């Protein structure tokens, strides 16, 4: 990471950015292979829109025009609509869908990779600006269940295409939790969900305390916590353990049916990628079916770097609703771990594969002509910044881990040197190419 | 453009985003071919940093945490450092260079493609959020002149790689204007620059008025305006017309030497791409050498979509200065014109090249297996969202201009149909591929 002069606002040095760019390109590639189109939404939403998600409104950065503040003595001038920076990409996407519904084809599959901002207190050491990579599919009025299987598998494929330890998607279903509450006679389902969502943070006893404080009885809480301990990739095991709780009811059955269908389909398409984990509640109240979190093997402390779920009425206007399912990757948190662990390194901090040496400033144009010929064939090429001694020009390449230095020959016979091996061969800029693995900076496990 | 529910904050529909993404990818490719590394800086800077560029401070969006505002009765709480959204990428880059100087290798060449924000008044119809694509090179203490030739040519190459009319880079040199002022005895060079910068907007008479108001005499103003009329791609013509003004002095000579060297080198490397235009002043006071604007043939009304210049002390701390040269493309303005003119169209709004039909929901997994085989070979593939009648599934592809529909055969003999020609052939998902031009959405001139 670069020096951070504002805490919570990470910046990468060039080699860190190579890693981040690699991750972004890999994610985009998988999303596009699956037919998701890329869109972006504006960074700002009206405060009204942002505050509709009450839970997160505490983290919003609001905007004011500096000059407007100056004329209004430091207060927001009442006549302008107040805007804030978006804190996720789901709320803006829902707004985009509703606004452009007549122009979009449904089901509409989109990916969206953008920065988001949260006004965390500086002392909490959290990112206040970070990149998310989301995929969602929304239908017009209805959305088949199979998308609740498809989308977590796209994310599993995307994450497992990265040079990081295996990523598992953990799944649960809101209908299972709500169904269990129904069977148990727990009326305040939201309180149950909020409590269970804290299991990782405050442990079973802590959750039991929270549930009790919400008026949920001890036996009910015990049953919910017992269910929350169920974790398995096998639908039959999940089914039998839930059955062992002695609960039954139509909503629970419906939820179990969906959860097991998801496990079965995922198990056949991508074995091991998806595991049921009934502790997963997700804090957001708009989820109505499958919910997802994830974990990176050996990096469980990182928490869920990819989460989401099914929602039925997040995007809706007076006439229609657009049910959807989506997941969001916390790219900055993942990249930060990849760099700091470190899990990977960039083979070089620059795109350059070849530096063309310059014999004298009078001959710079000749070196430029070589560079032009190489670039025309897709080879990233730089020209030495000054006609220094060749040793210094080689050092320019070496410092940046650029593998090749090109020497225009005084008699027209050019040579190119692999500065790692020292091997130097005659070469023609119209035909020579570096080995494929040297063409662009790579990202390799360490 | 999508419906814009907040004026000045553009959003594209999926086909518009295909065009924007095409432009961004093309620019990135050229920048990387020339050895520029990609970095990003945080979206926010301290207000102090932003206000140091007094001229633009009027356009800054300042941030407040909503909860902090609520507890401080609507005013910024004094104890937190005030932050604002960056209004360009040059000021943040200068800060990044100074902060990370010990970690960077100089000369440092970077490209940076990010959103920027300007708190324009809503009624002015300008973008308040837009994307810029910048390249800069900075040296440690010194920076050779040849970069003032190299960088505008990289931009000319990048812009001319797009499916738009030819783009010309227009150049001048601050030393020429300052040198002329020196010869003419004009003391207030800034006033002269500010006046000349408005030539396009208010015309020669308007500028003459402004110059007079700044205490610049009529004869001096006439000479400056006469010089501002010089426009030519030929260094000898520029030289003789400047000589015709009867001015001479060391600074003017130095500037003319640089301007002509730039024209000569550009003329040999990329004929016609660079033209001297002595009316170019650039409003920003940090430029010290070459200054650049640009124009798109036939779209001169769009103004300069790529501008920049040489600066000597923008990035500096108490110990060192990092002189640089850079240019910035106003991507959103360009893309907006490409879409609205229209200059181009996207061949389809989705990445998908093939839709695999689904015969029945029970056989969905078979269609998924075909999709998996195609994706594994880099072919963007979607699976039909429902097992509707095949006619409806073909319509799903047709509405999105997806060229191929795949039919898993009941006897294992799959077929693929080009829905444009109607041609349907037997195909194996392990070997079939679409023609190269159908693999990804294209952007073609209209």
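The values are calculated or read from the model by the stated rules, or taken from the named source; none is laboratory data. Everything quoted here is computed from the prediction, not taken from an experiment. Cβ: placed from backbone, ideal geometry, glycine included. Neighbour counts: every protein chain shown.
Filtering the stretch A:119-153 down to residues that are assigned to a loop (DSSP other than H, G, I, E, B) and more than 9 Å from chain B (Cβ to nearest Cβ), which residue is surrounded by the fewest Cβ atoms within 10 Å (Cβ to Cβ)? Don't jump to the end; show me each part of the working.
So the first thing to find is which residues in the stretch A:119-153 are assigned to a loop (DSSP other than H, G, I, E, B), and the list is A:119-121, A:125-128, A:139-145.
Subsequent filtering for residues that are more than 9 Å from chain B (Cβ to nearest Cβ) retains A:125-127, A:140-142, A:145.
Numbers: A:125: 9, A:126: 14, A:127: 19, A:140: 16, A:141: 11, A:142: 12, A:145: 16.
The extreme case among them is A:125.
Suppose we keep only residues that are more than 8 Å from every other protein chain (Cβ to nearest Cβ) and touching a helix residue (DSSP H, G or I) at 6+ places or on another chain (Cβ under 6 Å) within the stretch B:78-90. Which one would you say is surrounded by the fewest Cβ atoms within 10 Å (Cβ to Cβ)?
Among those that are more than 8 Å from every other protein chain (Cβ to nearest Cβ) and touching a helix residue (DSSP H, G or I) at 6+ places or on another chain (Cβ under 6 Å), it is B:82.
When you look at residue A:229, is it within 29 Å of the chain's Cα centre (by Cα) and farther than 30 Å from residue A:24 by Cα, yes or no?
Working: within 29 Å of the chain's Cα centre (by Cα): yes; farther than 30 Å from residue A:24 by Cα: yes.
Against the criterion (within 29 Å of the chain's Cα centre (by Cα) and farther than 30 Å from residue A:24 by Cα), residue A:229 qualifies.
Just one of B:36, B:93, B:31 is more than 10 Å from chain A (Cβ to nearest Cβ) and closer than 28 Å to residue B:167 by Cα; which is it?
Values: B:36 fails: more than 10 Å from chain A (Cβ to nearest Cβ); B:31 fails: more than 10 Å from chain A (Cβ to nearest Cβ).
Going through B:36, B:93, B:31 in turn, the sole match is B:93.
Take the residues in the stretch B:263-278 that are surrounded by 20 or more Cβ atoms within 10 Å (Cβ to Cβ) and outside any helix (DSSP H, G or I), then tell me which one is farthest from the chain's Cα centre (by Cα).
Initial filter on the stretch B:263-278 (surrounded by 20 or more Cβ atoms within 10 Å (Cβ to Cβ)): B:263, B:265-266, B:273-274, B:276-278.
Going one step further and asking which of them are outside any helix (DSSP H, G or I), we end up with B:273-274, B:276-278.
Values: B:273: 17, B:274: 18, B:276: 21, B:277: 21, B:278: 23 Å.
The selected residue is B:278.
Say whether the condition of being within 23 Å of the chain's Cα centre (by Cα), part of a helix (DSSP H, G or I), free of Cβ contacts under 8 Å to residues at least 40 places away in the same chain and not assigned by the TED database to the domain that holds residue A:339 is met by at least one residue in the stretch A:32-39.
There is no residue in the stretch A:32-39 that is within 23 Å of the chain's Cα centre (by Cα), part of a helix (DSSP H, G or I), free of Cβ contacts under 8 Å to residues at least 40 places away in the same chain and not assigned by the TED database to the domain that holds residue A:339.
When the residues of the stretch A:338-362 are narrowed to those that are more than 12 Å from every other protein chain (Cβ to nearest Cβ) and outside any loop (DSSP other than H, G, I, E, B), which ends up nearest to residue B:267 (Cα to Cα)?
Of the residues in the stretch A:338-362, the ones more than 12 Å from every other protein chain (Cβ to nearest Cβ) are A:338-345, A:347, A:357, A:359-360.
Those still in the list that are outside any loop (DSSP other than H, G, I, E, B) too: A:338-340, A:344-345.
Working: A:338: 46, A:339: 44, A:340: 48, A:344: 44, A:345: 42 Å.
For the stretch A:338-362, the residue satisfying everything is A:345.
Any chance the stretch B:166-184 includes a residue that's exposed (fewer than 15 other Cβ atoms within 10 Å of the Cβ) and either modelled with pLDDT of 95 or more or within 26 Å of residue B:269 (Cα to Cα) (or both)?
yes
Mind checking which residues of the stretch B:413-424 are modelled with pLDDT of 95 or more and part of a loop (DSSP other than H, G, I, E, B)? Step through it out loud before you land on a result.
From the stretch B:413-424, those modelled with pLDDT of 95 or more are B:414-424; that's our starting set.
Of everything in the stretch B:413-424, those that are modelled with pLDDT of 95 or more and part of a loop (DSSP other than H, G, I, E, B) turn out to be B:414, B:419, B:420, B:421, B:422, B:423.
Just one of the numbered conditions (1) facing another protein chain (nearest Cβ under 9 Å); (2) within 19 Å of residue A:314 (Cα to Cα); (3) surrounded by fewer than 21 Cβ atoms within 10 Å (Cβ to Cβ) is not true of residue A:75; which one?
Looking at each condition in turn, residue A:75 falls short on (2).
Please work out which residue is nearest to residue A:36 (Cα to Cα), limiting yourself to the stretch B:415-431 and to residues that are touching a residue at least 24 places away in the same chain (Cβ under 8 Å) and surrounded by fewer than 21 Cβ atoms within 10 Å (Cβ to Cβ). Give the steps one after another, and end with the answer.
Here is the first cut: in the stretch B:415-431, the ones touching a residue at least 24 places away in the same chain (Cβ under 8 Å) are B:416, B:419, B:429-430.
If we keep only those that are surrounded by fewer than 21 Cβ atoms within 10 Å (Cβ to Cβ) too, we end up with B:419, B:430.
Working: B:419: 21, B:430: 22 Å.
Here the answer is B:419.
Out of all the residues in the stretch A:239-269, which are within 25 Å of residue A:188 (Cα to Cα) and touching a strand residue (DSSP E or B) at 6+ places or on another chain (Cβ under 6 Å)?
Correct list: A:255, A:258, A:259.
Tell me whether the stretch A:372-379 contains one or more residues that are free of Cβ contacts under 8 Å to residues at least 60 places away in the same chain, over 40 Å from the mean Cα position of the chain (by Cα) and farther than 28 Å from residue A:131 by Cα.
Taking the stretch A:372-379 and keeping what is free of Cβ contacts under 8 Å to residues at least 60 places away in the same chain, we get A:372-377.
From what's left, over 40 Å from the mean Cα position of the chain (by Cα): none.
No, the stretch A:372-379 contains no residue that is free of Cβ contacts under 8 Å to residues at least 60 places away in the same chain, over 40 Å from the mean Cα position of the chain (by Cα) and farther than 28 Å from residue A:131 by Cα.
Please tell me if residue B:206 is loosely packed, with under 14 Cβ neighbours inside 10 Å, at pLDDT below 95, assigned by the TED database to the domain that holds residue B:259 and in a loop (DSSP other than H, G, I, E, B). I'd like the intermediate steps shown before the answer.
Details: loosely packed, with under 14 Cβ neighbours inside 10 Å: yes; at pLDDT below 95: yes; assigned by the TED database to the domain that holds residue B:259: yes; in a loop (DSSP other than H, G, I, E, B): no.
The answer is no for residue B:206.
Please determine whether any residue of the stretch B:107-119 is closer than 18 Å to residue A:129 by Cα and modelled with pLDDT under 95. Spell out the reasoning first.
Going through the stretch B:107-119, the residues closer than 18 Å to residue A:129 by Cα turn out to be B:112-117.
Adding the requirement that they be modelled with pLDDT under 95 leaves none.
There is no residue in the stretch B:107-119 that is closer than 18 Å to residue A:129 by Cα and modelled with pLDDT under 95.
Specify the residue that is surrounded by the most Cβ atoms within 10 Å (Cβ to Cβ); the eligible residues are those in the stretch B:393-412 that are assigned to a helix (DSSP H, G or I) and within 37 Å of the chain's Cα centre (by Cα). Outline the logic, then answer.
Taking the stretch B:393-412 first, the residues assigned to a helix (DSSP H, G or I) are B:393-399.
Retained after the next criterion (residues that are within 37 Å of the chain's Cα centre (by Cα)): B:396-399.
Details: B:396: 21, B:397: 23, B:398: 14, B:399: 11.
Looking at the filtered set, the residue picked out is B:397.
If a residue must be facing chain A (nearest Cβ under 7 Å), within 20 Å of residue A:50 (Cα to Cα) and part of a helix (DSSP H, G or I), how many such residues does the stretch B:57-72 contain?
Of all residues in the stretch B:57-72, those facing chain A (nearest Cβ under 7 Å) come to B:57-58, B:60-67, B:69.
From the residues that got through so far, the ones that are within 20 Å of residue A:50 (Cα to Cα) too are B:61-67, B:69.
Okay, now just the ones that are also part of a helix (DSSP H, G or I), so B:66-67, B:69.
So the count comes out to 3.
In this structure, is residue A:285 within 21 Å of residue A:207 (Cβ to Cβ) and surrounded by fewer than 19 Cβ atoms within 10 Å (Cβ to Cβ)? So that I can check it myself, show each step before the final result.
Values: within 21 Å of residue A:207 (Cβ to Cβ): yes; surrounded by fewer than 19 Cβ atoms within 10 Å (Cβ to Cβ): yes.
When the stated conditions are applied, residue A:285 passes them.
Name the single residue, out of those in the stretch B:42-52 being in contact with a strand residue (DSSP E or B) (Cβ under 7 Å, 6 or more places away or on another chain) and in contact (Cβ under 8 Å) with a residue 40 or more places away in the chain, that is nearest to the other protein chains (Cβ to nearest Cβ). Before you say what the answer is, go through the steps one by one.
Narrowing the stretch B:42-52 to residues in contact with a strand residue (DSSP E or B) (Cβ under 7 Å, 6 or more places away or on another chain): B:42-47, B:50.
Checking which are in contact (Cβ under 8 Å) with a residue 40 or more places away in the chain leaves us with B:42-45, B:50.
Numbers: B:42: 4, B:43: 6, B:44: 6, B:45: 8, B:50: 8 Å.
In this case the residue turns out to be B:42.
Being buried (at least 19 other Cβ atoms within 10 Å of the Cβ) and either part of a strand (DSSP E or B) or in contact with a strand residue (DSSP E or B) (Cβ under 8 Å, 6 or more places away or on another chain) (or both) is the requirement here; does residue B:307 meet it? Break it down into steps so the answer makes sense when it comes.
Values: buried (at least 19 other Cβ atoms within 10 Å of the Cβ): yes; either part of a strand (DSSP E or B) or in contact with a strand residue (DSSP E or B) (Cβ under 8 Å, 6 or more places away or on another chain) (or both): yes.
Spelling it out, residue B:307 is indeed buried (at least 19 other Cβ atoms within 10 Å of the Cβ) and either part of a strand (DSSP E or B) or in contact with a strand residue (DSSP E or B) (Cβ under 8 Å, 6 or more places away or on another chain) (or both).
Determine if the stretch A:214-228 includes at least one residue that is in contact with a strand residue (DSSP E or B) (Cβ under 9 Å, 6 or more places away or on another chain) and closer than 18 Å to residue A:173 by Cβ. Let's see the steps before the verdict.
Keep residues of the stretch A:214-228 that are in contact with a strand residue (DSSP E or B) (Cβ under 9 Å, 6 or more places away or on another chain), which gives A:228.
So of that shortlist, the ones also closer than 18 Å to residue A:173 by Cβ come out as A:228.
Yes, the conditions are met somewhere in the stretch A:214-228.
Given the residues B:262, B:302, B:245, B:278, which is the only one that is farther than 19 Å from residue B:137 by Cα, modelled with pLDDT of 95 or more and in contact with a helix residue (DSSP H, G or I) (Cβ under 8 Å, 6 or more places away or on another chain)?
Answer to the selection: B:278.
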